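Input: a single structure, listed below in C-alpha cells.
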Amino acid sequence: MTPRGGGRPALPLPLLLLALLTVSGAVPETELVRVLHPDAGGATDPATAPLLTVPADSSVQCAARCTRRDDCRAISYAPAGPGFGSGGLCTLRSCPAGWEGWRSSCYLISAAAVPRSQAVAECGGHGAGLASITSQEEHDFIRQLAQERSVVRIYLGLRHQPPYAGREYVWDDGSALNFTRWGDSEPFVSDPAYERGVYMQVLKDAWHTWTAQYSFNYACEYVVQ
C-alpha cells in the first residue's frame, strides 16, 4: 500500500506495532528478532548495547542511520518474516555502560590491577581481549581514557612469550606490529624463559616491558564486527 502523493510504502501494521513495543521496552529485542527472522535464533551481540530500534527499508538504510550518530558502533537488521511485508527493523547499537567507543572498537580501562593472565581472562569474560594498538591515534585515545581514570600503568595485548627468541613481541589477536611507542632501552628481555607483558606507562607516554606476573590495570578492546 502506498500513501497518497507517493512516498515510502506504509509499514505493515503488525511490524509497526512490534517496532513501537520494542522501542518502549515492552518486547525485548531478542524476542523481536526471533519473531521477525526465526533463523536468527534470537542472538544479539553481547558486547554492544541497543540504543534504538526503528523500522528500516533495508540494512543499507539502517547503516546510514548509524553513521549519523556519534554513539553508534554497530547495527542489527532483522528483515521482516513471512506475513510481515517488506522492510524490517533496524537496531542501532552502542558500547555497553562503562565502555568507550572509538572507530569500530569499544574499550574498557580496568578499575583494579591484576597479573596479565588474569587481565586476559577478565577481558575474555566480556567477549573482548587486551587492546591491540595499531596507530598513534588509538594510542592517544587509550592513554586519555587511562588519564581520566587516574590510572598510571595499563597492560596492553602485546607480549613476549617463550620460546620466542630475542626481542620478538606479538599481539594477542595476531595484529601486525606496525606501530609501537617504546620507552628508552625497550623492548627489553632479561630472561627469555619468562613471559613478559607490555604495559603503557601513562604519565611517560611510553610502552615498557615487565614480567607478566606483576599486577597492573589493563585495557580491554572489543572490535565490533
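Near F216, the amide H atoms lying under 5 Å from its own belong to V114; only residues 5 or more places off or on other chains count, and H is placed 1.01 Å from N.
Per-residue Cβ neighbour counts within 10 Å put W182, W207 in the sequence W182, W207, beginning with the fewest.
As a proxy for reagent exposure, V120, V224 were ordered by neighbouring Cβ count within 10 angstrom, fewest first; the result is V224, V120. Residue order for Y155, Y222, fewest other beta carbons within 10 angstrom first, comes to Y222, Y155.
For the stretch 100-223, the C-alpha radius of gyration sits at 0.96 times the compact-globule guess of 2.2 N^0.38 Å, with N the residue count.
Rule-based calculations on the coordinates, nothing more; no lab input. Computed from a predicted structure; not experimentally measured. Heads up, the Cβs are rebuilt from the backbone with ideal geometry, glycines too, and the neighbour counts pull from every protein chain shown.
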